[in-house]
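Colleague: The structure under discussion is supplied below as structure tokens; questions concerning it will follow.
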Amino acid sequence: MVSNKQSKFIKSLKIKKYRSKEMCFLAEGRKNVLEGLANGLKVKYLLATSEFVKDNKQDLSIVESQLIECTNTELTDLGTFTTNNDCLAVFEIPVINQPLDHSQHIVLLDGVSDPGNLGTIIRTMDWFGFNQLICSKDTTDFYNPKVINATMGSFARMHVNYANIVDTIKDSPMEAYGADLNGTPLDQWKAVKPTMLVMGSESHGLSREVHDVLSGRVTIPKVGATESLNVAIATGILCHHMRFNLS
């Protein structure tokens, strides 16, 4: 049974200032929770229905002392899902101390504010085998429940840092290419060596400060009549291109 103190704590993690204070975040649903456990994230609490516990005894054996059985009504009340028949975990936010691996492509986000887009970008990066993401300070919080939900478990494999994008580009030996409507057409650009890909905000694109430190710009040619391409979709197209070095 979930105590009032635990309930209050869990609900507080829907708000960024409490996530930052407690260094914990929520993961909801079978996929997100099991991926978090499989990738070694530390668990403070794991709430689950008796059916979920029965079906996942082996996976849950490592967190038996943190496990609290509860009803789906309690899970739904504590989390953000409309209905939750499985589980909810409170994971500790990991401290990432490892330096950037400049032998692999890196994605940078400049002011991406929509949680759904950030979650989809993370899931897409994971699909193409990219796990290094640098976010500007005004990019939405990686541990926002809407972001975590949209990743479908990919959050557990991502190395994410929040930093000054301009300084990150300047301090890196890698070339940095930004997605821009006035850039080199994609079919004329090839990432022949590890590259930084910089994606701008949904409404304003790349900031002027970031533009000034780029090695170049690349665009996805438009055929239809729409004015813009969703940033998550654009990131997916560019990641595919970079991974397979298309010409």
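The values are calculated or read from the model by the stated rules, or taken from the named source; none is laboratory data. These numbers were taken from a predicted model, which means no experiment stands behind them. Note that each Cβ is placed from the backbone with ideal geometry, even for glycine, and that neighbours are counted across all protein chains shown.
Colleague: At pLDDT 95 or above, over 21 Å from the mean Cα position of the chain (by Cα), surrounded by 15 or more Cβ atoms within 10 Å (Cβ to Cβ) and hydrophobic (A, V, I, L, M, F, W, C) - does that describe any residue in segment 9-32?
Modeller: yes
Colleague: Counting residues that are touching a strand residue (DSSP E or B) at 6+ places or on another chain (Cβ under 8 Å) and in contact (Cβ under 8 Å) with a residue 40 or more places away in the chain, which helices (runs of 4 or more DSSP H) fully inside segment 1-66 reach at least 1?
Modeller: On the way: elements: 4-12, 16-22, 30-38, 50-55, 57-60.
Those helices (runs of 4 or more DSSP H) span 4-12, 16-22, 30-38.
Colleague: Can you tell me how many residues within segment 89-142 are assigned to a strand (DSSP E or B), of a type in the set (D, E, K, R) and under 29 Å from residue 10 (Cβ atoms)? Give the derivation first.
Modeller: Within segment 89-142, the subset assigned to a strand (DSSP E or B) is 89-92, 106-110, 132-135.
Adding the requirement that they be of a type in the set (D, E, K, R) leaves 92, 110.
Retained after the next criterion (residues that are under 29 Å from residue 10 (Cβ atoms)): 92.
The total comes to 1.
Colleague: Of all residues in segment 146-174, count the ones that are basic (Lys, Arg) and surrounded by fewer than 15 Cβ atoms within 10 Å (Cβ to Cβ).
Modeller: The total comes to 1.
Colleague: While we're looking at this one, here's another question. Spot the failing condition for residue 83; the list is (1) among the polar types (S, T, N, Q); (2) surrounded by 15 or more Cβ atoms within 10 Å (Cβ to Cβ); (3) in a loop (DSSP other than H, G, I, E, B), and only one is missed.
Modeller: (2)
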